[in-house]
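First up is the structure itself, then whatever we jot down about it.
Throughout, read-outs are computed from the coordinates displayed, never taken from laboratory work. Given the structure is predicted, the values throughout are model-derived calculations rather than measurements. Don't worry about glycine lacking a Cβ; one is built from the backbone with ideal geometry, like all the others, and counts go over all protein chains shown.
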Amino acid sequence: MTGTGAAAPRTGWPAISGVVRRLPEYMTIWVPLLLSAAHLVSFSLWTIWISFTPSTLVPVSGWVGLRNYTAVMASRNWKIAFDNLLLFGSAFVLLSLVTGLILAILLDQRIRGENVLRSIFLYPLAVSFVVTGTVWSWLLNPGLGIQKLVHDLGWTSFRFDWLVDRDMAIWTIVIAAIWQSSGFAMALFLAGLRSVDADIIKAAQIDGAGPIRTYWRVILPTLWPITITVVVVQLQFAISAFDLVRALTNGGPGIATQLPALVVYDLMFQRSQLGRGAAAAVLMLLILLVVLLPYAAWRYVQRRRATHA
Amino acid sequence: MRDRTFAPSRILIYLLVSLIAAAYLAPLAVVMLNSLRTNQEIAQASMIGWPKQWAWSNYLAAWSGFCVAETCAGIRPYMLNSALVTIPATIFSTMLGAIAGYAVSLWRFRGDNWIYGIVTLGLFLPQQMRLLPWTIVLRDIGLINTLTGLVLIHTIQGLSFTTLFCRNYYIAIPHELIRAARIDGAGFFRIFWRIILPLSAPILIVTVIWQFTHIWNEFLYGVTFTTGQQQPVTAALIALSAAIADIPQHGVQSAAVIIAALPTLLIYLLGGRYFVRGLTAGAVK
């Protein structure tokens, strides 16, 4: 269990020389792990502490209770960001689940060129959100992209100007995010479909179930643990989304596509409101915990059940 | 449901799959074509179109010509910055993660579960919780606005992923192997070097690809902790589109986007299988 050798003598001096001899080993094991763990714990605690101080341009000590939190939550910026997060999070997660599932089912039909197709659906994941956001900002720009193309082709009344439409702009982020990461859902679903017991499928077919019925009643129900994993991973992305919005809309038009991560950045580095910025970051963490804690509990129960079965 | 006859339903499936594949490829195709059209041609028509004359000079301008923030050296210095951050940080985090993963899974020591549990919390903790502390730490050790500072950040933060990847891989190695080697007198490093490392090629490839892709594509730390000539390419792309918003040069910008995306796309094409394995390994935490 422990790393101390059984043969080490118990007398004082040789034991110390043993420790010295094994110093490189201890250092190699502990220094990276301690650095990682210490930065996670101390950085989190420090940010939480700052969120309760009156810090603005520089960190200062002092105690203002929840004043930073109430100020952030009362601000129009945060309210819009939070509403956007609810809309963006649910639309993006739901639509990328559906897209990923459809793609996985299509690829599961023993089609030719499956490997090539799978690579096509997955390649956006290798590209940065900055690149994705920039490219989609061109495609969705009404004077430059799809709308302009359709106009040039002769259909001049065609309108697709969500990027500059306050009410619809958030959907451009949904589109780009789905393009970027529905392949992830597909990959996980496809692995799930491939691991369904062939005997169950055969039994369903013998019972006279058609392909759609077999999928709906027999195969898809086995996928729900994967579905939960996909939902949690995608929500985690949605909650901390920053690069994509920065490159695609930069929060605009106006502040119509503001998201929590942009509010944090704005408060910390553009308005020099460190206390409020830290409070907004902690609020992001809390939103994340609302998603992650039930997931962790569910995983724990699953694992217990698996070991007891 | 899984027969190979060419029923109408199968034609429909192929049609549907091809359509969706085209939609996924379209943005890349549009940018590639644009990177070969002149700025005037794009300005007259739209971003979507076939080049009338092949403007290869866009790539030269993107690589070493256009100006960002009063420096006219193209995207080259920022690509170099990204490489100088990504390559060392990938190597360091992978090496340290492999050793740490081996230590917590096979060597075992007092407190290993605890420290491993805390380290993996790093997979979930939002970057925003660490922005201010990193600012202060980097300033105190004199690494603010340096590439070394970014290497440090990505190495330490990458440990959460690399340790998890390697630990989950090593846990399947039989403990008897380690026990036998220890009875023969092999120590921590010898076992790692002679037994663990030769078995590690698949997981090291997965880890390197994962780390490289993530660090290369990272934006928030790059834009927060570096400015001007020190920025990685993701931050430079944003600065570029802001800098030439007045006089659009979409041909050159498209070429810059392609160049910036090329390293990770190439790695994806070469190591796609390992890339996907990393994705699923990262998901099933």
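Dipole magnitude for chain A: computed about the Cα centre from +1 point charges on Lys and Arg Cβ and -1 point charges on Asp and Glu Cβ, it is near 720 debye. Between A:Leu66 and B:Trp50, the simple label model (points 7 Å from Cα in the Cβ direction) yields a spacing of 6.4 nm.
Report the relative contact order of the range A:46-308, percent, no decimals, based on alpha-carbon pairs under 8 angstrom and at least 6 residues apart. The value is 32 percent. Placing unit charges on the Cβ atoms of the charged side chains and taking the dipole of the range A:87-165 about its Cα centre, the candidate lying farthest along the positive direction among A:Phe88, A:Phe129, A:His151 is A:Phe129. Legend: mean number of C-beta atoms from other chains within 10 angstrom of residue C-beta atoms, peptide B:73-80, equals 0. Between B:Tyr14 and B:Thr146, the modelled labels are 6.1 nm apart [label points 7 Å from Cα along Cα→Cβ]. In terms of surrounding Cβ atoms within a 10 Å radius of their Cβ, B:Thr207, B:Thr226, A:Thr132 rank from fewest to most as B:Thr226, A:Thr132, B:Thr207.
So which helices of chain B fit the span-like rule, where a helix is a whole DSSP H run, its Cα atoms reach 30 Å or more along the axis, and its mean Kyte-Doolittle is at least 1.0?
TM-like helix candidates: B:8-34, B:250-283.
Mean partner shielding of peptide A:40-47, defined as the number of other chain Cβ atoms within 10 Å of each residue Cβ, is 6. Note: the range A:128-280, Cα convex hull, 164 Å³ per residue. Taking the average, over residues, of other Cβ atoms within 10 Å as the packing measure, peptides A:135-145, A:149-159 rank A:135-145, A:149-159 from highest down. The spread of Cα positions in the range A:28-162, taken along each principal axis and listed from longest to shortest, comes to 64, 49, 24 Å.
Calculate, in whole percent, how much of the Cα-Cα pair population of the protein assembly as shown lies beyond 31 Å. Here the tail beyond 31 Å accounts for 55 percent of pairs. Within chain A, the ratio Rg/Rh, alpha carbon atoms throughout and Rh by Kirkwood, equals 1.10. Scaling the Cα radius of gyration of chain B by the globular reference 2.2 N^0.38 Å produces a ratio of 1.25. Spin-label model, A:Phe269/A:Leu153: points 7 Å from Cα along the beta carbon direction are separated by 4.0 nm. Peptides A:81-90, B:107-116 ordered by packing proxy, namely the average of other Cβ atoms within 10 Å per residue, highest first: A:81-90, B:107-116. The loop-placed chymotrypsin sites (Phe, Trp or Tyr not before Pro) in the range A:45-76, going by DSSP, that have at most 11 neighbouring Cβ atoms within 10 Å of their Cβ come out as A:Trp63.
Taking every residue in A:60-66, how many Cβ atoms of other protein chains lie within 10 Å of its Cβ, on average? Provide the component values of the computation, followed by the final result.
Numbers: counts 0, 0, 0, 0, 0, 0, 0.
Mean partner shielding for this stretch: 0.
Listed by Cβ neighbour count within 10 Å, with the fewest neighbours leading, B:His154, A:His308 appear as A:His308, B:His154. In terms of other Cβ atoms within 10 Å, B:Cys72, B:Cys166 run from fewest to most in the order B:Cys72, B:Cys166.
Only helices enter this figure: runs of n ≥ 4 DSSP H residues, each worth -39500 (n - 2.57), summed and divided by the residues of chain A, yield -22000 deg cm²/dmol at 222 nm to the nearest 500. Among A:169-179, A:212-222, the peptide with the highest mean count of other Cβ atoms within 10 Å heads the list, and the full ranking is A:169-179, A:212-222.
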